[in-house]
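Take a look at the structure below.
The values are calculated or read from the model by the stated rules, or taken from the named source; none is laboratory data. If you're wondering where the values come from, they're calculated on a predicted model, not measured in any experiment. Note: ideal-geometry Cβ built from the backbone for every residue, glycine included; neighbour counts use all protein chains shown. SASA here: full protein model, heavy atoms, side chains in, ligands and nucleic acids out. Shrake-Rupley method; radii C 1.70, N 1.55, O 1.52, S 1.80 Å.
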Amino acid sequence: MSVTKTLEKGATVAELTTKEAPTWCMGCGDFSILSVLKLSIAEAKLDPASTVIVSGIGCLPPEEMVSVGHDWVPISELGGNDVIINGDGKFADIAFKTINHFEGNMIEITPFVSPFNSFRLTPEHPVLCVRRKSIRTRNHVDKKKLAKIEPHFEDAENLEKGDYIVFNWNREVKDSEMYTKDFCRLIGYYLAEGYVNEGGGRNRDSANVSFALNSNEKEIIDDISRLSLVLTGKKPYIRNRENIGNVTEITICSKKLALLLKRICGKGAGNKKVVEEIMVLPAEKQKEIIDAYFEGDGYSDTETLGKHPHFRANTLSVFLAIQMQEMLARSGIFASIYRKKMKPHVYKGRVIRPSGDQYYIAYQPEKEFSSVQKINHGFLIPIKNINKSHYEGLVHNLETINDPHSYLVKGFVVHNCGSKTNHFIKTYGFEGLHGRALPVATGIKIANHNLNVIIVTGDGDGYGIGGNHFIHAARRNLNMTYIIQNNEVYGLTKGQTSPTSEKGFKSNSTPQGALEEPVNPLALAITMGATFVARGYALDIPGLKKMMAEAINHNGFAVVDVFQPCSTYNKINTPDWYKARIFKLDDSYDASNKVKAFEMANTWGDRIPTGVLYREQKPTYEGGLPQISEKPLAEQDIENIDISMFLDRFK
């Protein structure tokens, strides 16, 4: 049983090729491995309808918010036709979105400042970060280290309290003549204290815009009066409204202005937010909006013993709070957002019932000391807390079309990591979690042992976070093919040291050089019971094609570790480096000799062997399951199975 399902005439490479094309960096070995895998599937005459390629990916819960430039949108509402902001702060098209079911610990990261920007993600999802020890000396930030630091991606579960995560923003700039500095200033006042009146009095088609201010705010009243003359040519109507307190109301009787402000800024305290064209204005124009907003709706104070003032404002609009944080970031200032639950209270004899939570925005342009550091990549924000909680449900991930293959979650940079091999081959595909592709594949194989199961991962997730699954998959000897794209570096997440990196390898995550000896995956595979163990080279197309076809046709757990140069992040293990060292095992080599296989698996340095190192035949795991000996589990009727006797044991 569990024999590879083939056709008399296999699918051609053209028939296996999807319309979607990869956009990897030129020189990446991914191209070779993808091509060879298609050639191998064709040569092995696999039935595409009975073949599934499994890979791994990191994800976010559906309600997590992603930046689209002028707003945050739940990831569950985004799709292939949408545009988001990538990790570099530029607009990026979404290539596709994946949705998986997840059960396990969800990681919540809370920044030291602005807890409103806390976000959740699966443990394997990479986050752009800087390790605390990389830039701190004793108890302070070392400015020399800070000037040289390059952030790197780290799986969320590996982050620690005190590490820094990178906050970025929409860096696109597009000016518009309509938005003069005076108009921007009026927008700021409107966001703070303005409201549009429509259809009142005798003229049901009328509209105007009013501002309610404390009567002592003489400078703002005069400034709005000036702006009314500049922008409409009309003096505003001003009246004191002592019946509701010490309030002065300024009304500009311009329907055109009123409707324009409504369109570009919204209406109602809880619904105000500006349109995208305002969010990409030059910083000097956005500063007019910010200054007017905080003058109208904010206040400032200086702490005891402090030298520089703090500026604070509050709003009922969560959208506006997010946009103010973004605009301040564009001007070089990180602002914190705090949410406060509002309760009914009495004011001047009236019961005030708040319509929602209030959002406080706070910033300090100049500081004696700051926990936030600014670098070219964005703001470095220290982590205050990392919490884990059980989660069961759907999780989502986005893939952008071009580099840097990352996006902003609550303003923080995360990677859209995952193998895309199954998107480019016309078979069935399944994207499990990063490092968890093997247990998913195991479940698929046991559920339907007639399927041809191929797993594709990298050295990082395959031998690192997925190392335990690798061990147990090998000892079970399921009839599956496991292909590992071995860059000897985390190529997809910007060049960190991986489990197969050489000792002493310098990277963003190991600037002083890796201290550990690298994993020996082939020796480990042989030790744990894999029955087909091979090493290939991505640029040896004919040899790799033959090797993969043999692995696919092998009845048992087949491991193919593929050396794959990463021209961008691994400057040591280059094509020239491999060319000078690798040699092919010839026909005289006996792959059934386990002692010789161990010798070859441990041969490293000036001479590195490629080819099939070990091969043996022994029963597969699924072949020992009597429950599926006659019919695959997926085809069995489970309607009338009584499991009460098992449940009774737990009463």
Residues Pro511, Pro542: which one is open to solvent by 20 Å² or more (accessible area, probe 1.4 Å) and touching a residue at least 40 places away in the same chain (Cβ under 8 Å)? Pro511
Which is under 25 Å from Pro619 (Cβ atoms), in contact with a helix residue (DSSP H, G or I) (Cβ under 8 Å, 6 or more places away or on another chain), modelled with pLDDT of 90 or more and hydroxyl-bearing (Ser, Thr, Tyr), of Thr481, Thr457? Thr481
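Here is a yes/no grid of residues against (1) open to solvent by less than 20 Å² (accessible area, probe 1.4 Å); (2) at pLDDT below 80; (3) of a type in the set (D, E, K, R):
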residue	(1), (2), (3)
Thr400	yes, no, no
Val413	yes, no, no
Gly418	yes, yes, no
Ile425	yes, no, no
Gly429	no, no, no
Gly432	yes, yes, no
Leu438	yes, no, no
Ile444	no, no, no
Asn448	no, no, no
Condition check for Asn214: polar (S, T, N, Q), open to solvent by 10 Å² or more (accessible area, probe 1.4 Å) and more than 48 Å from the chain's Cα centre (by Cα): no
Please pick out the residue among Asn477, Asn450 that is in contact with a Gly (Cβ under 6 Å, 6 or more places away or on another chain) and closer than 23 Å to Leu625 by Cα. Asn477
Verdict on Leu227 being touching a residue at least 40 places away in the same chain (Cβ under 8 Å) and outside any strand (DSSP E or B): yes
Matching residues in the stretch 301-339 - criterion: being open to solvent by 30 Å² or more (accessible area, probe 1.4 Å) and either under 19 Å from Phe119 (Cβ atoms) or under 23 Å from the mean Cα position of the chain (by Cα) (or both): Val318, Phe319, Arg330, Tyr338, Arg339
Would it be correct to say that Ser50 is closer than 30 Å to Glu550 by Cα, in contact with a helix residue (DSSP H, G or I) (Cβ under 8 Å, 6 or more places away or on another chain) and of a type outside the set (A, V, I, L, M, F, W, C)? no
Test of understanding: among Glu284, Glu277, Glu219, which residue is over 17 Å from Tyr179 (Cβ atoms), of a type in the set (Asp, Glu) and either assigned to a helix (DSSP H, G or I) or in contact with a helix residue (DSSP H, G or I) (Cβ under 8 Å, 6 or more places away or on another chain) (or both)? Glu219
Assuming Ser118 fulfils every condition listed in (1) surrounded by fewer than 17 Cβ atoms within 10 Å (Cβ to Cβ); (2) within 30 Å of Gly266 (Cα to Cα); (3) over 15 Å from the mean Cα position of the chain (by Cα); (4) of a type in the set (Ser, Thr, Tyr) apart from one, which condition is it? (3)
Subset of the stretch 154-202 [in a strand (DSSP E or B), open to solvent by 10 Å² or more (accessible area, probe 1.4 Å) and within 18 Å of Ile107 (Cα to Cα)]: Glu154, Asp155
Members of the stretch 567-603 found to be open to solvent by 70 Å² or more (accessible area, probe 1.4 Å) and touching a residue at least 40 places away in the same chain (Cβ under 8 Å), listed by number: Tyr569, Ile572, Lys584, Lys594, Asn602
